[in-house]
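Accompanying notes for the structure given below.
The values are calculated or read from the model by the stated rules, or taken from the named source; none is laboratory data. Because the structure is predicted, anything quoted here is derived from the model rather than measured. Methodologically, a virtual Cβ is constructed for each residue, glycine included, from the backbone with ideal geometry; neighbour enumeration extends over all protein chains shown. Just the protein is used for accessible areas: all its heavy atoms, side chains included, with ligands, DNA and RNA removed. Shrake-Rupley method; radii C 1.70, N 1.55, O 1.52, S 1.80 Å.
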Number of protein chains: 4
Amino acid sequence: MWLYNRVNSLGKEEIIMVKVGIIGSTGYAGQELVRLLLGHGDVSIEWYGSRSYIDKKYSDVYGNMFQIVDQRCMDDNMEELADKVDVIFTATPQGLAASLVNENILSKTKLVDLSADFRIKDVATYEAWYNIEHKAPEFIKEAVYGLCEINREAIKGARIIANPGCYTTCSILSLYPLVKERLIDVDSIIVDAKSGTSGAGRGAKVANLYCEVNESIKAYGVTTHRHTPEIEEQLGYAYDGTPLTINFTPHLVPMNRGILITAYAGLTKECSYEDIKAVYDKYYENETFVRVLDKGVCPETRWVEGSNYVDVNFVIDPRTNRVVVMGAMDNLVKGAAGQAVQNMNLIMGLDETKGLMMPPLFP
Amino acid sequence: MWLYNRVNSLGKEEIIMVKVGIIGSTGYAGQELVRLLLGHGDVSIEWYGSRSYIDKKYSDVYGNMFQIVDQRCMDDNMEELADKVDVIFTATPQGLAASLVNENILSKTKLVDLSADFRIKDVATYEAWYNIEHKAPEFIKEAVYGLCEINREAIKGARIIANPGCYTTCSILSLYPLVKERLIDVDSIIVDAKSGTSGAGRGAKVANLYCEVNESIKAYGVTTHRHTPEIEEQLGYAYDGTPLTINFTPHLVPMNRGILITAYAGLTKECSYEDIKAVYDKYYENETFVRVLDKGVCPETRWVEGSNYVDVNFVIDPRTNRVVVMGAMDNLVKGAAGQAVQNMNLIMGLDETKGLMMPPLFP
Amino acid sequence: MWLYNRVNSLGKEEIIMVKVGIIGSTGYAGQELVRLLLGHGDVSIEWYGSRSYIDKKYSDVYGNMFQIVDQRCMDDNMEELADKVDVIFTATPQGLAASLVNENILSKTKLVDLSADFRIKDVATYEAWYNIEHKAPEFIKEAVYGLCEINREAIKGARIIANPGCYTTCSILSLYPLVKERLIDVDSIIVDAKSGTSGAGRGAKVANLYCEVNESIKAYGVTTHRHTPEIEEQLGYAYDGTPLTINFTPHLVPMNRGILITAYAGLTKECSYEDIKAVYDKYYENETFVRVLDKGVCPETRWVEGSNYVDVNFVIDPRTNRVVVMGAMDNLVKGAAGQAVQNMNLIMGLDETKGLMMPPLFP
Amino acid sequence: MWLYNRVNSLGKEEIIMVKVGIIGSTGYAGQELVRLLLGHGDVSIEWYGSRSYIDKKYSDVYGNMFQIVDQRCMDDNMEELADKVDVIFTATPQGLAASLVNENILSKTKLVDLSADFRIKDVATYEAWYNIEHKAPEFIKEAVYGLCEINREAIKGARIIANPGCYTTCSILSLYPLVKERLIDVDSIIVDAKSGTSGAGRGAKVANLYCEVNESIKAYGVTTHRHTPEIEEQLGYAYDGTPLTINFTPHLVPMNRGILITAYAGLTKECSYEDIKAVYDKYYENETFVRVLDKGVCPETRWVEGSNYVDVNFVIDPRTNRVVVMGAMDNLVKGAAGQAVQNMNLIMGLDETKGLMMPPLFP
C-alpha cells in the first residue's frame, strides 16, 4: 500500500522496489527509519532487527505501528541479511557495525551505518574518543562520510556510508560555507549546541526520566563529547585537509526532537550581510534540504520537526567582529534516519529527495 | 513536486489535480490542512485565505512552510473562489461559513466546512449552544455530517460537508458500536475528554500562554461545551433517531496535539470481553483509520500523533457493570484537517485514504 | 539555620525540636518530605534512609540539596531509628513498613507510613488488590487513617498513621460532604483522575522516560488501580460504614506535579448551587488546606503546586441531574509529604499548619 | 499568620514589620515577589499595585493566592505609597520607575527597582540600547547596582537599588572571579544563555502561546539584547573600570523557570582545576546563595527552581586553552524577586537571607 507506479525509459510502467533490512530498528533512530521507509514508496523493509526484542511484534514495541507493521523483531544476522536485501541500515551502539561487517557482506549489499564506526578516518582518534577498539579498520578508508550536500558524488559509488552524527550534521552544514571560503578564523570556532531528549536514546536511565528532564536544561559532556572530533575532521577537509580544533558543548533540552546549534567565530575580514549571504547561497541555493532563512530570521527547531530540512542563518556582530551562526534540524530525521534515506536514495540511483518531501509538522 | 503519475482506464497516464481553496488557512487546523494537502499528490492549493494576514507571505506566518509555500494570504472571497476551485475548505470561526455560502457558490463548487455551522440539524439547538443567529438555515438540511466511517455513502454525493468537531469525532467513533447495538444504557453515558492545547486555537490570550498551560491540567466548559449537542445528536441517530442526553467534560492538557476520551456507561446486559470486541470488529475491522487495540492495551495519544488514526479500546468493570471506553486521536488530523481531506477524497471520487497513510510520528 | 524561637506557657523562650527519621528518603515523596521538614522550623532530620544509596551523600542523589543537606544515606534500621527519633516516616514500597514495624518500636516512637500498608482495615481486601501478604495485620486495627480534615482527633493519639494515597486524598476530600450529607447516589460515583508523572516514582523504566510521557496522555490501571478500595472504604465510613463501589480511572499527564479529579454522581434530590455550596462550607470553611473555590471557577493544578492546598468546586448539570465535582492538589505535598507533616504536627502537638503555609509556586 | 517572634537587644520579644508596596504586582516577577514576601516573616504588603487590574481581587488574577491574599489591585500612586511604606518595589516596564520617582519620595522611602532604569550609569548607553529617553537621570549616580554578593556594603546605605537583570545576575556571578583575577582574556568572552519562558512576561502574544514555545528552542535578540551592556559595565568594574565588549546570545527554552548560561573565554595563563577552583572559593565560599559545585558536576536549572541559589562550575579545555563556565539560576527568584528581597533585607538591616532559605523545589 506504500507503492506508487513509475514509468521507465521505455514508457512502461514498472514497480521498482528496494529491499532493505534494519539492524537496531527499535531505538528511536531505528523507529524513525521505519516511519520514513514505510512512506517512501520504492522501498520494502524485509528485516526488523532488534536484539532486545527478538520475536516480539514490532507494533508491540511501538504502538504507532499497530496495523501498519505486522512483522516481528529479528536477531542481528548480517550474513543472512546480505543475501536478502539491497541495503542494510545499522542503527546500533558504537562498535557493533564494525564487528559485523566483512568483505563477503559488502560484496552482496550496501551498508548505511548510523553509528560512528566509519565516520572518523584516523583509527587512533576514534579509539581515543570512543574508548573502544575498532574491529574493522580495513574498511574505514573506503567508507564515505554520508553528508549528502557535501559528498554527493562519492556517496553514489560507495559500499559503506558512514551516516553523520546529529550534532555534527547541523554544525558542519551551518559552518561549511564560512570555513570553505576562509571567512572565519578557524581557531576561534565555538559551537554551543542544544538537543531534544530523543538524542539520549530509549535506554531506561533515571537521568532520562520525564521528571528529571522536564523543566530543566543542562550542559553535558563538556569538552569531551564524541561528536567533537567528527566536526573537526570534516570542517578540516573544507579548510586545509587537517582537522581543526574547536569548542563544542552539547545541552539537553526538555523537548522530544530538534537540535539547535549556535556557533561563534571571528571574521577574517570585514564582511557585510550581503557578502556572507552570497557565500551561503553559493553552496546552498540549489540544495533542497538546506534552507538559508531571510535576513533577521532565527532558526527554530519547531519549523523543521519531522522533516529533513536544516534551517540556517547568521548575524554579524560589528562590536566584536564575530559572526553568530545558527542551525536548526530534527535530530532524528536529517540528524539520523532522514539522512540515511537520502544516502540510500543516492546509492540506489533514486531521486535524492524521494520519501523525504513531507513538510515539517507543526505544532 | 507533490505529484505522482496515475494511469487511467485507457491505460494512459494522466495527472488528475483537484483544485482547492482554504478560507482560514492560518489557524492551526488550516495550517494542518495545508500540510496534508501539500503531501496529498492529487491536489493543488489555489487560495490561501486569511483575513488576518492578507498579502503576507504564508511562510512568514508559518516558518515550517519556508521555500515550500510561496503564495501570499488572500481575503475571504468565496464567490471568486467558487469560480477557481473544485473544493472550498472553511476553517473559520463559527458563523462565518454560513454567512458566506449561497446557491450560486454551491452550484459551482463543493464546501467542506470545518466549523460547526452545518453540523447540527436543529437550528434552535445550534443557536442556543453557540449563541449566534444562523445565517443560512436553508442549507442545513442538505449538509451531510462528514463522519466518513458512518456516513460514507451520503458524503459522496453531498455539496456541503459539515466536518465533525474534534471531541465529537473521538467520542462518537468510540461509543458508536455500543450505542448502535444497544449494549449500553444511553442515559448513563459520561464522556470525560482531554485535549492538547492546539485545540484552543492560535489567538493571543493570556490563558493560553506557555507558562499558564504548562505544568497544569484543568476542566473547562463543564456542562456547557458546544460539542455536547453534536455528540448527543449523532449518537441519537445510531440509537432511536432522537438526541441522547449525556455528560461531557473537556480538559486542557499540557501538550500540543491529541485528544483522549474516557467514557463510562452501564451495560444493558451481561457481556464478555469477546461479546463487545465482536461488536467493535463488526463496525471497524474493515476501517483503515479506526484501530481497535488488542485486549488490555489502553489508547495513548502519542501513538496517533500526526496521523488520521483513531485508536479505541474498552474495559468491562464487573464490579459496577459498567464499560469504560477509551479513544485516542490527533485533534488536528482526524479531528479536523485529516477528516476534511478524507471527506474531500470521497466527494471527488479519489481513494478515501489518499494522502492520509503516513504513520504516526513518534516521539 | 531552619530554627525559630517559640515562647512556652511560662513565657520563656525555648526551642522545641522534633527528631525524625525517614526510611525511603530518596524517592520523590521522600525527597519532598526532606524539603518540607527542612523548612519546618521545629524539626531535625536525624536519619536519611535509602537502601539504594547507602553511604552516598544525599545531595549527590538530589542536587537541589547541595550545601543544604550534608548527611549520607543510611540503611533501613528501624530498631536503631526508634531509639533516636520521635517520629519515623516510611516512604517505601508496599509491604516494607509492615515487615519492619513491631511493638518494641511503637513503644518508643510514632510511625507515619506513606505506603498503603495500614490504610485498609480488611486484610483480605489489601492482599487481594496489592497481591502481597500483610506482614503485620495485628497493627492494622490501631492504625489511624491520616486524612487530617476528617480524622483529626483520632490522629492526635495514634501510634501508627496510615498516610492516605495521593488519588484517594483528592477524591475523598472532593466528595466527602456530598456523601456524608447523602446528596448523591453512592452507586453512581465515577472518579476520572489525572496525575503528573512524579506519581509514577523515580524507577528507571522505559515507560517513564521523557520522550515516552511527553506530548501524550493515557489511562492506566483501568478498573484495577489500588487506590480504588481505599476510596471505597473511606467514603463508606462517611455513608453507612460499609465500603461503596465506584469506578476509578487514573490517567498519566505530561507534567511533573499535580492531581486533578473529575467526579460524576447522580443527585438524590433537586439541589441549587447554594444548597450544595452550603454543604461544602459546613465541612470546609474552617479548614486551612481545603479551598472551596468561587462559583464557576474550575480547580487547576497550577494553582496548588508546591503547597498543601486542595482546591475543590462543583457544577450541577440540570440536564442529567448529575453533579460534576472537581478537586486539584499537589500529589507530592497534600498527596504525600505535606499531609505526612500535617499528621506529624498533630501527633506531636504542634500547630497543624506549621511548615505548610508556603503559598503555591507559580508559574 | 506569616509572623514569627524575634528577640531584641534587651531580650524583649517584639515584632518588627517592614511595610512594603509593590508597583507592578501582577507580572510574573511581581507575583513571585508577593509569594516570597508572604513567607518572609517580617514583612507586610500594604499595596498590590497593578494598573491593568485596578480594583480586581489579586487572587482573581493569580488563583494560587486564593484565601491567602484578600486585597484588591491598586493604581500606581507612588506619592501616596511613599507615605505608607518603608520600601517600594517597582516590577514595571522600562521607563516607568524613572518617570515616577522624585526627591520627595526618596526622602520618605526606599526604592528597589526591578526594571533596568537605574542599572546603567551612562545615560547615552541606556537610551541607545533601550531606545527610550531617561526621565530621571539625576538619580542614576546615587542608585546602587543591587548585586548583593558584590555590592553588599554600598547597598546597605542606598535609597535606590537597581535590581539586576536575570541574565546579567547569572552571567556576572559566573564570570566575576575569573575577570577580577584577570585569569581570562576579557576580549574573548562569549555568553550563550538559555531562559525559561516566564522571562518573556505575561503579555498576550502569539509568540508566547503554549503551542508556539513548546517542543522548540530558538535564539533571539542576537547581538542586540539589552542585558549585554549591563554585563559589560559590571564586569568592567571588576576589571579596569571601563566596560568590556562581549558576545551575548539569549535563547528561549520550553520550560517555565530557570536560566542557564554557558560562557567561553580564553585563559590568560595555564591554569589547573585547583587554581581556578581556589579563585571561585575565594569569592564565594562564604556566600550562602552562590554554590560552587563539585568537580565535574554541571549546573542544572532543576536544582535551583523556586530558590535564590546560583549554581556555578567550570571546565578547562586544554585543547583550546579556554575555560567553559556554567551558571544555573531561577530567573524569577535570584534573577528578580528573590534578589529584590535580599536587597530589601540589606537596606532594612535584616538578616540578608531572611525569607530566602527555602530549598529548591524538585521535581
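Data for the structure
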{"quantity": "Matching residues, segment B:215-243, being β-branched (Val, Ile, Thr), within 25 Å of C:Lys295 (Cβ to Cβ) and assigned to a helix (DSSP H, G or I)", "calculated": "B:Thr228"}
{"quantity": "Residue list for segment C:251-275, filter: of a type in the set (Lys, Arg) and open to solvent by 10 Å² or more (accessible area, probe 1.4 Å)", "calculated": "C:Lys269"}
{"quantity": "Hits in segment D:176-197 (condition: in contact with a Gly (Cβ under 9 Å, 6 or more places away or on another chain) and polar (S, T, N, Q))", "calculated": "D:Ser188, D:Ser195"}
{"quantity": "Contacts under 6 angstrom Cβ, first residue in segment B:199-211 being modelled with pLDDT of 95 or more, partner among the aliphatic types (A, V, I, L, M) and assigned to a loop (DSSP other than H, G, I, E, B), 6 or more apart", "calculated": "B:Ala204/D:Ala204; B:Lys205/D:Ala204; B:Val206/D:Ala204"}
{"quantity": "Residues of segment C:8-45 that turn out to be hydroxyl-bearing (Ser, Thr, Tyr) and at pLDDT below 95, as a count", "calculated": "1"}
{"quantity": "Flag if D:Glu127 is farther than 14 Å from D:Arg226 by Cα and either open to solvent by 40 Å² or more (accessible area, probe 1.4 Å) or assigned by TED's automatic domain parsing to the domain that holds D:Ile23 (or both)", "calculated": "no"}
{"quantity": "Any chance A:Glu305 is in a loop (DSSP other than H, G, I, E, B), under 21 Å from the mean Cα position of the chain (by Cα) and of a type outside the set (Ser, Thr, Tyr)", "calculated": "yes"}
{"quantity": "Residue match in segment D:78-100 (condition: in a helix (DSSP H, G or I), farther than 16 Å from D:Tyr145 by Cβ and polar (S, T, N, Q))", "calculated": "yes"}
{"quantity": "Residue count for segment B:151-187, restricted to those that are part of a helix (DSSP H, G or I) and under 18 Å from B:Met348 (Cα atoms)", "calculated": "6"}
{"quantity": "Filter pass, C:Gly27 being out of contact with any strand residue (DSSP E or B) (no Cβ under 8 Å at 6 or more places or on another chain), within 25 Å of C:Thr353 (Cα to Cα), surrounded by fewer than 23 Cβ atoms within 10 Å (Cβ to Cβ) and not polar (S, T, N, Q)", "calculated": "yes"}
{"quantity": "Scan of segment C:276-316 for residues that are away from chain B (no Cβ under 14 Å) and among the acidic types (Asp, Glu), ordered by number", "calculated": "C:Asp281, C:Glu285, C:Glu287, C:Asp294"}
{"quantity": "Residues satisfying the stated conditions in segment B:196-214, i.e. open to solvent by less than 30 Å² (accessible area, probe 1.4 Å) and either in a loop (DSSP other than H, G, I, E, B) or charged (D, E, K, R) (or both)", "calculated": "B:Gly196, B:Gly201, B:Glu212, B:Asn214"}
{"quantity": "Output for segment D:144-165, where each listed residue is among the aliphatic types (A, V, I, L, M) and over 15 Å from D:Leu96 (Cβ atoms)", "calculated": "D:Val144, D:Leu147, D:Ile150, D:Ala154, D:Ile155, D:Ala158, D:Ile161"}
{"quantity": "Scan of segment A:296-345 for residues that are surrounded by fewer than 24 Cβ atoms within 10 Å (Cβ to Cβ) and within 26 Å of A:Gly157 (Cβ to Cβ), ordered by number", "calculated": "A:Asn345"}
{"quantity": "Filtered residues of segment D:225-250 (kept if open to solvent by less than 50 Å² (accessible area, probe 1.4 Å) and under 18 Å from the mean Cα position of the chain (by Cα))", "calculated": "D:His225, D:His227, D:Thr228, D:Pro229, D:Glu230, D:Ile231, D:Glu232, D:Glu233, D:Gln234, D:Leu235, D:Phe248, D:Pro250"}
{"quantity": "Residue that is nearest to A:Lys108 (Cα to Cα), among those in segment A:62-84 that are open to solvent by less than 10 Å² (accessible area, probe 1.4 Å) and either touching a Ser or Thr at 6+ places or on another chain (Cβ under 6 Å) or of a type in the set (Ser, Thr, Tyr) (or both)", "calculated": "A:Ala82"}
{"quantity": "Given (1) within 20 Å of D:Cys298 (Cα to Cα); (2) of a type outside the set (Val, Ile, Thr); (3) free of Cβ contacts under 8 Å to residues at least 12 places away in the same chain, index of the condition A:Asn214 fails", "calculated": "(3)"}
{"quantity": "Condition met for B:Phe362 (modelled with pLDDT of 95 or more, under 24 Å from A:Ala29 (Cα atoms), open to solvent by less than 20 Å² (accessible area, probe 1.4 Å) and aromatic (Phe, Trp, Tyr))", "calculated": "yes"}
{"quantity": "Boolean, D:Val222 is open to solvent by less than 20 Å² (accessible area, probe 1.4 Å) and in contact with a Pro (Cβ under 6 Å, 6 or more places away or on another chain)", "calculated": "no"}
{"quantity": "Segment C:164-185, residues that are under 28 Å from C:Ser115 (Cβ atoms) and open to solvent by 10 Å² or more (accessible area, probe 1.4 Å)", "calculated": "C:Cys166, C:Tyr176, C:Lys180"}
{"quantity": "Failed item, numbered, when C:Thr353 is tested on (1) surrounded by 19 or more Cβ atoms within 10 Å (Cβ to Cβ); (2) part of a loop (DSSP other than H, G, I, E, B); (3) of a type in the set (Val, Ile, Thr)", "calculated": "(1)"}
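A quick yes/no check of all residues on (1) touching a residue at least 60 places away in the same chain (Cβ under 8 Å); (2) facing another protein chain (nearest Cβ under 10 Å); (3) in a loop (DSSP other than H, G, I, E, B):
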{"site": "D:Thr245", "(1), (2), (3)": "no, yes, yes"}
{"site": "D:Met255", "(1), (2), (3)": "no, yes, yes"}
{"site": "D:Glu274", "(1), (2), (3)": "no, no, no"}
{"site": "D:Arg319", "(1), (2), (3)": "no, yes, yes"}
{"site": "D:Ala328", "(1), (2), (3)": "yes, yes, no"}
{"site": "D:Gly335", "(1), (2), (3)": "yes, no, no"}
{"site": "D:Gln339", "(1), (2), (3)": "yes, no, no"}
